[in-house]
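First, the structure itself, so that you have it in front of you.
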Amino acid sequence: MNNRRWYDRDPILSKAMRILETSDDRFQIQVALNLIKVIIEHNIDSSAFNTIEDILSGIEEGRCEKGSERWYDIDLTIKTAVQMLENCPEEMQSKIARNIAELINEKLHNTYDYKFSDEDEDFIEEDDDDED
């Protein structure tokens, strides 16, 4: 299967990114900030980050000027979070994808006006079933 976007290789990550893409700016930034935190925590746990310099370097790598026409390039926080995720090994991306799904589920359930599509509802139900 030939995927158009790097995050479409993982079905959970792909759905999470689609939901994030169609969310309002405030929600996107909240999730992006949490995503940066989760990526840093995973990198510390895997010993990829051992010092504050490693953390800062990882964030700086996520801020590379790669493009400006993707949906997440509009805001520097979102762009940094997504590019940090893209720079993670695939195995870590899969682990983080579950964290993103949980973050999005939590944020959406606490958000006032989000209208779920049928696919979004399926995604949330699938993620909830995985916790059993």
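If we scan region 55-68, do we find a residue that is under 23 Å from Glu106 (Cβ atoms), surrounded by fewer than 18 Cβ atoms within 10 Å (Cβ to Cβ), acidic (Asp, Glu) and without any contact (Cβ under 8 Å) to a residue 24 or more places away in the chain?
No, the conditions are met nowhere in region 55-68.
Filter region 62-100 down to the residues that are closer than 19 Å to Leu13 by Cβ and modelled with pLDDT under 80 and list them by number.
Gly62, Lys66, Gly67 - these are the residues of region 62-100 that are closer than 19 Å to Leu13 by Cβ and modelled with pLDDT under 80.
The values are calculated or read from the model by the stated rules, or taken from the named source; none is laboratory data. The structure displayed is predicted, hence computed values, not measured ones. FYI the Cβ positions are ideal-geometry reconstructions off the backbone, even for glycines, and counts take in every protein chain you see.
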